[in-house]
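Asks: Here it is, the structure, as structure tokens.
A short reminder: the numbers here are calculations on the coordinates, not readings from a lab. Predicted model only: the values in this text are computed from it and were never measured. A quick note on method: Cβ atoms are made from the backbone with ideal geometry, for glycine too, and the neighbour counts reach across all protein chains shown.
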């Protein structure tokens, strides 16, 4: 198993009456609610949490991209990733990811992902989400019915830029470039592993299989509701006679809270879980699913966005969220049992652990993170022993990597090249 500690970076200062007085946490949330002075501390606290996750043994530290919202304060996860490359040295830097249909030209993603791979010494794992309707269509003005076509063209350009050794011209429908000549190139060859976050678009299954990308279902509705969608993915793997059914072809995001006892978990975490589900997920139905955003095939499948009106979290209690699988919470043994059930039931080799929730303070986040790392994670490591050597979907760092020079010592940098 690969465990990534994933942080959405939500805004922790939304008032109690946020739902009643605001249309949505996304797109038209009043910018007067954001305080840059508090934001300075928030960003640094979230970076501290990500760095702490590496120190206690997580395989990866993960971030993603969203716009004009209080749900996730990362319009550019690449900036956060760049900061993490300097204060971490072991964990994969997992960016899930850049919404490539939004970039003009998308070669920018090829350049920045390559930079991050080089800066981290090959510790980079990338992702290409289509992006939510809120981000893609309403915040960045992309035409819903053209989003996926533009996404596909951007993807093809980025991959060709990474893998070509000579300059080339690109004459696409949406991007035209006389010279594409990527500097720098990625450390990992032919390029870094790519995970595709999906939320219900069935075409994404084939896209992942065609390109040997890992399909990752990122959801807040829990593994019980995810079974049908991920079973659809595995059914498609079988239909196409894919050479193997490695669990690392798939990943899942799960909200997790660990305490010494089940009772302590409810007492400590319920206020912050409630904040997240009732404020951070308050999305106006008008923004959740722009006409034309979902394909006809996906609509026919019955798959719904977790932000769609059918998902109403406002009436759910702690018991509802835990028993419904939305949140896995409790003592280390309770969490282990429930998480193992999810991992085996969904057949996933990549688990994205959402351990900071809503307005949870830093010390409480680290408490839950430490208990998980010490008492849960080791017991789940070897669930898939037959696929232990499958390295296609994870990074391959350089054996010798440069380290930051001491700040207050005579300058003498030890580079990877010099070490050899």
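Asks: For the chain, set up a Gaussian network in which alpha carbons nearer than 10 Å are linked by springs, and say which option among 238, 226, 81 fluctuates the most.
Replies: Of the options given, 238 has the highest mean-square fluctuation.
Asks: More than 16 angstrom separation, counting every C-alpha pair in the range 199-291; what % is that?
Replies: 66 percent
Asks: How large are Rg and Dmax for the range 47-158 when only the alpha carbon atoms are used, in Å?
Replies: Just the Cα atoms of the range 47-158 yield Rg and Dmax of 14.5, 44 Å.
Asks: So what is log10(I(q)/I(0)) for the chain at q = 0.06, 0.10, 0.14 1/Å, when the Debye sum runs over its Cα atoms only?
Replies: With one equal scatterer per Cα and no solvent, log10 I(q)/I(0) is -0.23, -0.68, -1.42.
Asks: Okay, moving on. Show me the three semi-axes of the equivalent ellipsoid for the range 66-220, from the C-alpha gyration tensor (sqrt of 5 times each eigenvalue), largest first, rounded to whole Å.
Replies: Over the Cα atoms of the range 66-220, the semi-axes work out to 22, 21, 15 Å.
Asks: If you don't mind, there's one more thing I want to ask. Find the all-direction average of the projected area of the Cα convex hull for the range 27-85, expressing the result in square nanometres with one decimal place.
Replies: Taking the Cα atoms of the range 27-85, their convex hull projects to 4.3 nm² on average.
Asks: Could you state the orientation-averaged shadow area of the convex hull built on the Cα atoms of the range 327-404, in nm² to one decimal?
Replies: Orientation-averaged projected area of the Cα hull: 7.6 nm².
Asks: Still on this structure: Rank the residues 286, 173 as a footprinting-exposure proxy: fewest other Cβ atoms within 10 Å of their Cβ go first.
Replies: The order, fewest Cβ neighbours first, is 173, 286.
Asks: In nm, to one decimal, how far is the modelled label at residue 299 from the one at residue 319, with both set 7 Å along Cα→Cβ?
Replies: In this crude spin-label approximation the distance works out to 4.0 nm.
Asks: I've got another one for you. Name the residue, out of 351, 192, 33, whose mean-square fluctuation peaks in a Gaussian network model built on the chain with Cα pairs under 10 Å.
Replies: 33
Asks: Now, a different point. Please rank 164, 246, 214, fewest neighbouring Cβ atoms within 10 Å first, as an exposure proxy.
Replies: Ranked by crowding around the Cβ, least crowded first: 164, 246, 214.
Asks: Per DSSP H run of at least 4 residues, take -39500 (n - 2.57); add these up for the chain, divide by its residues and hand me the 222 nm value, nearest 500 deg cm²/dmol.
Replies: Mean residue ellipticity at 222 nm (helix-derived): -11000 deg cm²/dmol.
Asks: Right, here's the next one. How would 133, 368 line up from fewest to most surrounding beta-carbon atoms within 10 angstrom?
Replies: In increasing order of surrounding Cβ atoms, one gets 368, 133.
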